[in-house]
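Asks: The structure follows.
The values are calculated or read from the model by the stated rules, or taken from the named source; none is laboratory data. All of these numbers come straight from a predicted model, not from anything done at the bench. Every residue, glycine among them, receives a Cβ derived from its backbone with ideal geometry; neighbour counts consider all protein chains shown.
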Amino acid sequence: MAADGSAEAARAALDAELERGMVAAVSRPDGTAEVVRELPLEAELVVLRRPIAGG
Amino acid sequence: MEPGLAAAPPAGGLAEAARLGWREEASARSVRRDGRRWTAWTCWIVGVFAVPGVLLLAIEPLTFPAAAICLAHAWAIPWLQARRGARQVVAIGSERSAGARADGEAERVALGLLGDLLGHSERELVATAGLAMQRGELGVWLVGERGALLVRSRGRRVDSWCVRVGDDAGLPAGDRVAHLLLALREDELGFAKVANLGFSGASWRVRPELEPRARPALDAARALARG
């Protein structure tokens, strides 16, 4: 139950960041990254980044 | 995580690129074509000013002052373009770095997080040269706080891209690089679509215009591009 609660809290935190316009990505072993819209519970690390723009 | 051959486009691509529907999709072909356009333009500028200068001298040596002005333009305009291209990229720790005016503790934390995204040699390069190196399908990228250099054609050509974090207010220097690096890893072609190409030319033209501490990063990228 505690684990489920932690997962829900993590999902809510991620959703809040995505609502703010952040982009979530999971790094792959080959050095690329994959954008995610939902929290992948199996991922070791989900990185949030801000959107980029041309200069 | 070990940085490998990065930025194979994910299924969705870069969201920022998808919003730029009016802009041409970037590809290895479009990058090569734009590079050739830059070379043609540079040759044209040199010719337009150098040929009249030489002709003036041949016809009448006393027109030397006017010929000198023509030849100076033929040299200065390509030089200014290369300089602008080099200065589009802001290295961590440079005079224009956000870290120069930010909270030291936040900078240290940001650099630590950036280091976690990099392999050992790339981490050392960030510490010494202030640019993050990332190998991609188009070539070898050097990512700064603002702007990125793409070293390609076996290290002979450098493209300078103007790109930044959309809302970078208050963001430490290390975080700025990390955000751009993550976007590049998500979708290299999307990254090139969002960024604006500000210069493309021979790497020997760009290197002297880089800040001295950033030059080893270009050397390392050229060596990697040569394979």
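Asks: Please work out which residue is nearest to the other protein chains (Cβ to nearest Cβ), limiting yourself to segment B:215-225 and to residues that are within 23 Å of B:TRP79 (Cβ to Cβ) and not acidic (Asp, Glu).
Replies: Here the residue is B:ALA221.
Asks: Something else: Would you pick out the residues in chain A that are within 18 Å of B:GLY190 (Cβ to Cβ) and of a type in the set (S, T, N, Q)?
Replies: Correct list: A:SER27, A:THR32.
Asks: Can you tell me which residues in segment A:1-25 are closer than 30 Å to B:SER160 by Cβ and surrounded by 14 or more Cβ atoms within 10 Å (Cβ to Cβ)?
Replies: Answer for segment A:1-25, where residues must be closer than 30 Å to B:SER160 by Cβ and surrounded by 14 or more Cβ atoms within 10 Å (Cβ to Cβ): A:MET22, A:VAL23, A:ALA24, A:ALA25.
Asks: Could you tell me whether segment B:205-214 includes any residue that is assigned to a helix (DSSP H, G or I), at pLDDT 95 or above and within 20 Å of B:ARG33 (Cα to Cα)?
Replies: Yes, because at least one residue in segment B:205-214 is assigned to a helix (DSSP H, G or I), at pLDDT 95 or above and within 20 Å of B:ARG33 (Cα to Cα).
Asks: I've got another one for you. Looking at B:VAL46, B:VAL109 in this structure, which one is outside the structural domain of B:ARG176 (by TED's automatic domain parsing) and either over 21 Å from B:HIS179 (Cα atoms) or at pLDDT below 95 (or both)?
Replies: Every option except B:VAL46 fails the conditions.
Asks: Within segment A:14-26, which residues are in a loop (DSSP other than H, G, I, E, B) and either of a type in the set (Val, Ile, Thr) or touching a strand residue (DSSP E or B) at 6+ places or on another chain (Cβ under 6 Å) (or both)?
Replies: A:MET22
Asks: Being among the β-branched types (Val, Ile, Thr) and farther than 21 Å from B:ARG146 by Cα is the filter here, so list the residues in segment A:33-55 that pass it.
Replies: Scanning segment A:33-55 gives A:VAL35, A:VAL36, A:VAL46.
Asks: Go through the residues of segment B:180-198 one by one and say whether even a single one is buried (at least 22 other Cβ atoms within 10 Å of the Cβ), within 15 Å of B:ILE92 (Cβ to Cβ) and in contact with a strand residue (DSSP E or B) (Cβ under 8 Å, 6 or more places away or on another chain).
Replies: Within segment B:180-198, one or more residues are buried (at least 22 other Cβ atoms within 10 Å of the Cβ), within 15 Å of B:ILE92 (Cβ to Cβ) and in contact with a strand residue (DSSP E or B) (Cβ under 8 Å, 6 or more places away or on another chain).
Asks: When the residues of segment B:131-167 are filtered to those that are within 16 Å of B:GLY35 (Cβ to Cβ) and among the aliphatic types (A, V, I, L, M), which remaining residue is surrounded by the most Cβ atoms within 10 Å (Cβ to Cβ)?
Replies: B:VAL158
Asks: Same structure again: Where in segment B:101-204 are there strands (runs of 3 or more DSSP E), lying wholly inside it, with at least 3 residues that are more than 10 Å from every other protein chain (Cβ to nearest Cβ) and free of Cβ contacts under 8 Å to residues at least 40 places away in the same chain?
Replies: Passing ranges: none, list empty.
Asks: On to the next question. Give me a count of the residues in segment A:27-55 that are facing chain B (nearest Cβ under 10 Å) and not in a loop (DSSP other than H, G, I, E, B).
Replies: 11
Asks: Go through (1) without any contact (Cβ under 8 Å) to a residue 40 or more places away in the chain; (2) within 13 Å of chain A (Cβ to nearest Cβ); (3) surrounded by fewer than 24 Cβ atoms within 10 Å (Cβ to Cβ) one by one and return the number of the condition B:PRO212 breaks.
Replies: With respect to (1) without any contact (Cβ under 8 Å) to a residue 40 or more places away in the chain; (2) within 13 Å of chain A (Cβ to nearest Cβ); (3) surrounded by fewer than 24 Cβ atoms within 10 Å (Cβ to Cβ), B:PRO212 is out only on (2).
Asks: Out of everything in segment B:16-39 that is among the charged types (D, E, K, R) and in a loop (DSSP other than H, G, I, E, B), what residue ends up being farthest from the chain's Cα centre (by Cα)?
Replies: The extreme case among them is B:ARG19.
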